[in-house]
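The values are calculated or read from the model by the stated rules, or taken from the named source; none is laboratory data. Computed from a predicted structure; not experimentally measured. Here the Cβ is made from the backbone with ideal geometry for all residues, glycine too, and neighbour counts use every protein chain on show. Surface areas here come from the heavy atoms of the whole protein model, side chains and all, with no ligands, DNA or RNA. Shrake-Rupley method; radii C 1.70, N 1.55, O 1.52, S 1.80 Å.
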Amino acid sequence: VPLGRLGSGGMGRVYLARPADDSPGLAAVKVIRPEYAEDPDFRRRFQREAAVHARVVTPHAPRLLGTGFEDELLWMATQYLPGLNLADAVRECGPLEPAGVWRLVAELGKALSALAAAGVVHRDLKPSNVILSSQGAHVIDFGISQAADSSAITTTGNRVGTPAFMSPEYLREGRCDTVSDVFSLAGT
């Protein structure tokens, strides 16, 4: 049941919602714009994103709660994590103290370890994809993640992600693995 809009972007909108059965918790529901939802290639990429996200089980990433691919409404619901993204937190509150940085690195390291155990490479770890909540740090946005056992979503020579946080081997050769995520963690 939608409660309000959290944000919007080029691909769609994200809504805050509660479970229809009144069970506890809130969800962030990403709803894709109809013009993208009708594109078979986009639908496949979105289904792939949901499948990759479903593989990730860690307290340092939101749980996938549900998806919808059957009709013209394309959506994905994840656990809602109230908090600030790291980029906004640093911009609004200044740099973290050393103890906060060490805690952040430890929690994000646990998240990356869980991704690696699930065979997932995030490929876009950066401050805006880290949520700081009362429960700690959480990695979000698995839109360009890649399952280690699947093919890339890009064509040869193209890179997805944020260049300032990409590892040299990814930028130069297109090779991206868990080591690349660790490089991105250091940049974050």
Once you sort the root eigenvalues of the Cα gyration tensor of the stretch 1-90 as a ≥ b ≥ c, which label holds: rounded (a/c under 1.5), prolate (a/b larger than b/c) or oblate (the other case)?
rounded
Students often get this wrong, so try it: which of [x] 18.5, 57; [y] 16.6, 50; [z] 15.8, 54 is Rg and Dmax of the Cα atoms in Å as calculated from the structure shown?
[y]
Note on the stretch 59-118: alpha-carbon gyration tensor, axes a ≥ b ≥ c; rule is a/c under 1.5 for rounded, else prolate if a/b larger than b/c, else oblate; result oblate
Taking the full set of protein chains and a 1.4 angstrom probe, give the accessible area of Tyr80 in square angstrom, rounded to the nearest 10.
70 Å²
Would you kindly find the accessible area of Cys93, with a 1.4 Å probe and non-protein molecules such as ligands, DNA and RNA excluded, rounding to the nearest 10 Å²?
110 Å²
Per-residue SASA entry for Met76, accessible area with 1.4 Å probe, Å² rounded to 10
10 Å²
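Given a Förster distance of 45 angstrom, what is the FRET efficiency for Glu70 paired with Arg103, based on the Cβ-Cβ distance and rounded to 0.05? Write out the running numbers ahead of the final one.
Details: r = 42 Å, r/R0 = 0.93.
With R0 = 45 Å, the Cβ-Cβ based efficiency is 0.60.
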Full extension between Ala87 and Thr178 adds, at 0.36 nm per residue less the Cα distance, a length in nm of 30.5 nm
Could you report the chain's accessible area per residue, 1.4 Å probe, as an integer in Å²?
55 Å²
Below 8 Å, C-alpha to C-alpha, sequence gap of six or more: please give me the relative contact order for the chain in percent.
18 percent
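Relative to the Cα centre, what is the charge dipole magnitude of the stretch 1-149, using +1 at the beta carbon of each Lys and Arg, -1 at the beta carbon of each Asp and Glu, and rounding to the nearest 20 debye?
Numbers: 16 positive and 17 negative charges, 64 e Å.
About 300 debye.
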